[in-house]
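Report on the structure given below.
Just so it is clear, none of the values below were taken in a lab; they were calculated from the coordinates. In this text, all values refer to a predicted model and were calculated from it rather than measured experimentally. Heads up, the Cβs are rebuilt from the backbone with ideal geometry, glycines too, and the neighbour counts pull from every protein chain shown.
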Ligand code: NDP
Ligand code: 2IT
């Protein structure tokens, strides 16, 4: 057993070196900090991790790809975006993780997401490594033809680096079924291979039933299991949700199915309060079919209101599900949640809660589920899609949904048991980080210095 002091010094040294080697990437630094803060006890128990430089290797992506993505818009103007794929860690399987199309995307954001993805994917137990990619392309307001031309150009470079046994991308912010369709079409055309190289495909051409629902469903199932440790459930909870994309919509759906009362959603124009309960059918119509804005929902839903410039966390609730983007829930938001009577927070998004907000919630004894555990249902169902593709055997909705539920139960219990084993029961952040890290570290040890 290494001395505790040596371990803390070792973690600090690796962290400081990573900061120096990755300047100007605050989200990546934050993701590293959050994981490193919980690893002391596990590194102390395993001197071999130190001897084999596991931490140093883990913070360095295996491969980082950046490329030009030129395309022509509907007005005939040449546009240039930047494409990314960071293949972070393949100790447990082919790189796996989403593609994000959003103007804020840069290398640091893709690295934070890829780092987190590695541990998340380990928690699923499905044999998938971690990666992430995307572009600073903004699909909002673009025509289908523009999105198609962009996706074709993006895949014209990306196809060299991916494959069903190498790296299997999927959706994330700004990348849904439409984009996956165009990306898949171009991959197939360039490689002459019809293979499970992407997940989130349409159900008629290789996609899995329940993949669309999986992330939001999984996050609510996780919240339900956390509440059960306190003798509660989702039934009767007053829920606030941020975001109104893929994750948020199906978090609304599952929460309502389990008997909760969901009163908010949001997008980048503001948040909507609907005290009568969010109308799921209208929300889907506005967001999935019309690609509309929050105001379009409010215009058709008497009694609901759009609040611009405020924060959704001021709406009193017992359960909060941040499902939009990173760092959307800061310490002031966390304090507002605590004042409003929150009992549980489960992250549907990746790293939506800032470190001081997490501390404030945990300090107030709020059940807190980090994204790498709570939103793992999406990528786990992607792995089920890969399984269906490999077996050429599509499964029914209920088969996939019941596997998802079993997987979320397993992740919940593994996080809870690990937290208990390491002397901090109820600390799901510690449980998720340590359980995920250990799986990746042990596989890396077995593979030698690579
Ligand atoms: P979508 O693009 O479908 O939806 C994103 C939602 O968040 C939209 O309502 C969007 O509003 C809002 N949003 C995004 N960025 C911002 C921002 N900077 N400020 C305010 N609002 C913002 O993405 P997903 O639902 O797929 O992803 C949401 C989160 O969940 C992300 O953190 C993603 O990484 C994570 N996640 C997704 C998984 C998946 O399977 N899709 C799996 C696991 C995690 P607007 O339209 O106005 O921009
Ligand atoms: O953050 C995530 O886990 C995702 N965007 C889903 C990744 C996937 O490969 O399904």
Within 10 Å, count the other beta carbons around each residue, average over each peptide in 378-385, 16-23, and list them highest first. 378-385, 16-23
Honestly the stretch 200-312 on the Cα gyration tensor test (a ≥ b ≥ c root eigenvalues; a/c under 1.5 rounded, otherwise a/b vs b/c for prolate or oblate) is just oblate
Multiplying the sequence separation of residue 205 and residue 446 by 0.36 nm and subtracting their Cα-Cα distance, what value in nm do you get? 83.0 nm
Within a 10 angstrom radius of the beta carbon, how do 368, 67 rank from fewest other beta carbons to most? 67, 368
Which value in deg cm²/dmol, rounded to the nearest 500, describes the helix-derived mean residue ellipticity at 222 nm for the chain, given -39,500 (n - 2.57) per DSSP H run of n ≥ 4 and division by the residue count? -15000 deg cm²/dmol
At residue 73 and residue 393, where each label point lies 7 Å from the Cα along Cα→Cβ, what is the point-to-point distance in nanometres? 4.9
With a 10 Å Cβ neighbour count serving as the proxy for reagent exposure, in which order, fewest first, do 116, 285, 27 appear? 285, 27, 116
Test of understanding: what is the full-extension gain from residue 296 to residue 229, defined as 0.36 nm times their sequence separation minus their Cα-Cα distance? 20.2 nm
Between residue 80 and residue 104, take the C-beta separation as r, use R0 = 22 Å, and let me know the FRET efficiency to the nearest 0.05. 0.80
Per 0.36 nm of contour for each residue apart, how much would the distance between residue 364 and residue 269 grow if the chain were fully extended, relative to their Cα-Cα spacing? 31.2 nm
Need one number: nm distance between label points at residue 166 and residue 339, each 7 Å from Cα along Cα→Cβ, rounded to one decimal. 5.4
Order of 90, 268 from fewest to most other C-beta atoms within 10 Å? 268, 90
For the pair residue 57 and residue 406, how long in nm is the line joining their label points, each one 7 Å along Cα→Cβ? 3.2
Per the 1/(1 + (r/R0)^6) rule, R0 = 51 Å and r from the Cβ atoms of residue 194 and residue 327, FRET efficiency to 0.05 is 0.80
